[in-house]
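Right, one structure below, let's go through it.
Bear in mind that the values in this text are calculations on the coordinates, not laboratory data. What you see is a predicted model, and the numbers here were worked out from it, not measured in a lab. Virtual Cβ from ideal backbone geometry, glycine too; neighbours counted across all protein chains shown.
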Amino acid sequence: MSDKLPTHKTNTPTPPPTCPACGEHDRLWRVEEGAAYIGIHVDTLRELIKDRRIPVVKLGRAHRLRRQDLDTFIDAQTIPAVRDAG
């Protein structure tokens with residue numbers, strides 16, 4: 001009999017590693033990984049892809065994402081702060 005506690009899987013995937021030294025930032029990400037990276041639900045990211053608001057690489061029926069495309073999308077959504085006029 002094992003003394004180990006059972007492990008539970010979560011439905012929220014962790015973002016992929018982004019190690020510049022090993023080139024992980026250049027690999028293509030699954031939609032689930034991209035959603036975790038930008039902090040939105042997978043279905044929301046799929047809608048953004050369907051609406052062509054985020055570029056996607058199609059490999060057969062699979063969609064893959066580039067980190068730089070997600071970063072560009074985030075930058076485009078950023079609203080700059082306004083300085084106080086006083």
- [ ] Sort the following peptides by mean Cβ neighbour count (other Cβ atoms within 10 Å, averaged over residues), highest first: 64-70, 40-46, 28-34.
- [x] 28-34, 64-70, 40-46
Task: Computed E for Lys50/Thr72 - FRET, C-beta separation, R0 25 angstrom, nearest 0.05 - done: 0.85
Task: Convex hull of Cα atoms in the stretch 24-76, direction-averaged projection (nm²) - done: 3.4 nm²
